[in-house]
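Written out below as structure tokens is the structure these notes cover.
The values are calculated or read from the model by the stated rules, or taken from the named source; none is laboratory data. Bear in mind the structure is a predicted one, so any value in this text is a computation, not a measurement. Ideal geometry is used to build each Cβ from the backbone, glycine not excepted, and the neighbour counts take in all protein chains shown.
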Amino acid sequence: MVAIPGGEPLIHKEIGEIVRGLVARKKFVSLCTNALLLEKKLDLFEPSPYLFFSVHLDGLKEHHDKAVSQKGVFDRAVSAIKAAKARGFTVNVNATIFDGHAAEDIAKFLDFTTELGVGVSMSPGYAYERAPDQEHFLNRTKTKRLFRDVFALGKGKKWNFMHSGLFLDFLAGNQDYECTPWGMPARNIFGWQKPCYLLGEGYTKTFKELMETTDWDSYGTGKYEKCANCMAHCGYEPTAADAALANPLKAMWVALRGVRVKGPMAPEIGRRNISSRSRSRRSSQRSAVTRPSPPSRRPRQPRRLRSARLKSSPVETSERSVSGLRARPRRTFRRSMSPFGLIAIRASAGNARLAGSLMTRNAANGSSNAAA
Ligand code: SF4
């Protein structure tokens, strides 16, 4: 399964050939686009069960045009969606939900996508900037409350989410999942990006090198300041998919009963700068039930390096972690691909958040795909 995000992949002069090649290899392809060029370029593609367009829409007309700072974009995107569907293509939309977007407006947007006949993937946007602990936790809590409000408004409606039920349950604060940063490896013109497409902590030339030299245990909410607010699908949908496989009855229960929107939330993940003993206990307890093991476990970082990561600026952290990783021994790599079989190819260094929708589609359909 391959997601092609951007920038805008439709401006790539060989995008038709790239997609054709992937489809010929029976890879599921998510072509993420703002749809401004979609109608004009539809002839480059052929409808296929292996191909779908994932159109960026952050909300209804007023909200979306404001989000992209250009009037008329929403109308053009909707027109392109209708044209693509009329030609037999599968189309989904992907939305990034930011703080300040009213639950009622999000619900109306989801109603609109149902009328349009498209599936929806949603990801909460979050700030990368460092902030005090309480602010981090408050932001995650606000995200969960917002999604609870949205899902409460959706009771009885048939919104077509391209997510696993447990990921939606996680967004509503009912699951305490840890990030699975290797769940959706990203590649762009610089190489394989560490550790996920949201963070740029260096690149490797090969996938094997990515898996062997990335200190996966250092990433995720509660472990790294840049990850503090993250609830993005690229890291947490893989965890939810793995949890569904590990506990299908629980997944079935959520699917049948819907996402719980009342009652206590699951405890928030603590940060690593709590006492090392409780940190270690919490980590081992949680890892056993909420996050799959990485394909290759690496030795833990020396304490000095770990504390340097928490204290340093983002740039310093990146440099130190890369140089530190190079100096440490490596273990044998046992698996040749992501356990979830999804790769995001980035056409540029632009926003690539749409890529996770493939993962969710995979989870929803129970498809079995190989990485490109
Ligand atoms: S928590 Fe988010 S930003 Fe951090 S590694 Fe996971 S997906 Fe990437």
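Each residue in region 68-96 was checked for being part of a helix (DSSP H, G or I), within 23 Å of the chain's Cα centre (by Cα) and either surrounded by fewer than 19 Cβ atoms within 10 Å (Cβ to Cβ) or of a type in the set (S, T, N, Q) (or both), and 0 pass. Elements of the type helices (runs of 4 or more DSSP H) sitting completely within region 200-271 and holding at least 1 residues that are modelled with pLDDT under 95 and within 10 Å of the ligand (Cβ to nearest atom): these cover 233-246. Of the listed requirements (1) crowded, with 23+ Cβ neighbours inside 10 Å; (2) at pLDDT 95 or above; (3) out of contact with any Ser or Thr (no Cβ under 6 Å at 6 or more places or on another chain), C32 misses just one: (3). Screening region 163-199 for residues that are assigned to a loop (DSSP other than H, G, I, E, B) and within 11 Å of the chain's Cα centre (by Cα) and picking the one that is farthest from the ligand (Cβ to nearest atom) gives H163.
Restricting region 97-117 to residues that are free of Cβ contacts under 8 Å to residues at least 12 places away in the same chain and assigned to a loop (DSSP other than H, G, I, E, B), which is farthest from K61 (Cα to Cα)? Once the filter is applied, the top-ranked residue is G100. Determine, yes or no, whether T221 is polar (S, T, N, Q) and under 16 Å from the mean Cα position of the chain (by Cα). So T221 passes the test. Taking the criterion of being assigned to a helix (DSSP H, G or I) and more than 19 Å from M162 (Cβ to Cβ), the residues of region 42-67 that qualify are L42, D43, L44, K61, E62, H63, D65, K66, A67.
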